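Each remark here refers to the structure printed beneath this line.
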Amino acid sequence: MIIQVPALDELPALRAIERAAGEPFRALDMASVADDEPPSPAQLTEFQRAGRVLAAYEEPGPGREGRRPVGYLLWEPVDGCTHIEQVSVHPDRAHRRIGRALIDRAERDGGPVPLTLTTFTEVPWNAPYYARIGFRILPEAELTPGLRAIRAHEAALGLDRWPRTGMRREPGWSGRLGRSG
């Protein structure tokens, strides 16, 4: 698998991945999550220019021709941590450790600092999955100002209709022996 910052002309494929990755939420009675609009082309371009969007490709192939991303991740620095803003894998490529590979790469790119994210607690491929790959749920008292602002924004968008939480993974977890995701 190749993980790298995608080219500008690959950004529309990330929006398609996001739409496909949202579909399983319908089975959980979370249609509004499934219907949520992916990041805009302008937002994706901003992340791409900052080097903070990563795409996963299964096919090595020569150059970029013929390759299509199968997953992507957006990250940004928040309160001294690498905050995972979004990670999505096309459902056709689920259960192949692509999400974990993207998260581990974001950890390397972000530097030796903790990773954070916010997520749904009761969605199997959200908080329970992240716990398996080293994240822990943050008690309210441990939320940083930046995470509190992110959570407030999510609440304003209506995402708190379902239980959500902030999570954190300490640096170096991905390299620990005996761990699998």
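The values are calculated or read from the model by the stated rules, or taken from the named source; none is laboratory data. In this text, all values refer to a predicted model and were calculated from it rather than measured experimentally. For neighbour counting, all protein chains shown are included, and Cβ atoms are generated from backbone atoms with ideal geometry for every residue, glycine included. Side chains are part of the model used for accessible areas, which takes the heavy atoms of the whole protein and leaves out ligands, DNA and RNA. Shrake-Rupley method; radii C 1.70, N 1.55, O 1.52, S 1.80 Å.
Miscellaneous remarks
- When the criteria are applied in full, residue 43 fails the requirement of being polar (S, T, N, Q) and over 26 Å from residue 146 (Cα atoms).
- Checklist (1) within 21 Å of residue 11 (Cα to Cα); (2) open to solvent by 10 Å² or more (accessible area, probe 1.4 Å); (3) among the polar types (S, T, N, Q) applied to residue 118, failing item: (1)
- Unmet requirement for residue 97, which otherwise passes all of (1) of a type outside the set (Ser, Thr, Tyr); (2) in contact with a Pro (Cβ under 6 Å, 6 or more places away or on another chain); (3) open to solvent by 30 Å² or more (accessible area, probe 1.4 Å): (2)
- All positions within region 143-167 that are basic (Lys, Arg) and part of a helix (DSSP H, G or I): 148, 151, 161
- Yes/no for residue 39 being in a loop (DSSP other than H, G, I, E, B) and either under 25 Å from residue 123 (Cα atoms) or among the charged types (D, E, K, R) (or both): yes
For (1) open to solvent by 80 Å² or more (accessible area, probe 1.4 Å); (2) in a loop (DSSP other than H, G, I, E, B); (3) modelled with pLDDT of 95 or more, each residue gets a yes or a no:
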site	(1), (2), (3)
44	no, no, yes
51	no, yes, yes
55	no, no, yes
59	yes, yes, no
62	yes, yes, no
75	no, no, yes
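- Hits in region 137-152 - residues which are under 17 Å from the mean Cα position of the chain (by Cα) and either open to solvent by 60 Å² or more (accessible area, probe 1.4 Å) or modelled with pLDDT under 90 (or both): 137
- Pairs with Cβ under 9 Å, 6+ apart, first in region 15-38 and touching a residue at least 24 places away in the same chain (Cβ under 8 Å) and open to solvent by 30 Å² or more (accessible area, probe 1.4 Å), second basic (Lys, Arg) and part of a helix (DSSP H, G or I): 32/161
- Every condition in (1) modelled with pLDDT of 95 or more; (2) over 14 Å from the mean Cα position of the chain (by Cα); (3) of a type outside the set (Asp, Glu) is met by residue 118 except one, and the failing one is (2).
- Of all the listed residues (103, 84), the sole one being assigned to a strand (DSSP E or B) and either in contact with a strand residue (DSSP E or B) (Cβ under 9 Å, 6 or more places away or on another chain) or open to solvent by 20 Å² or more (accessible area, probe 1.4 Å) (or both) is 84.
- The set of residues in region 4-36 being within 19 Å of residue 125 (Cβ to Cβ) and among the β-branched types (Val, Ile, Thr) consists of 17, 33.
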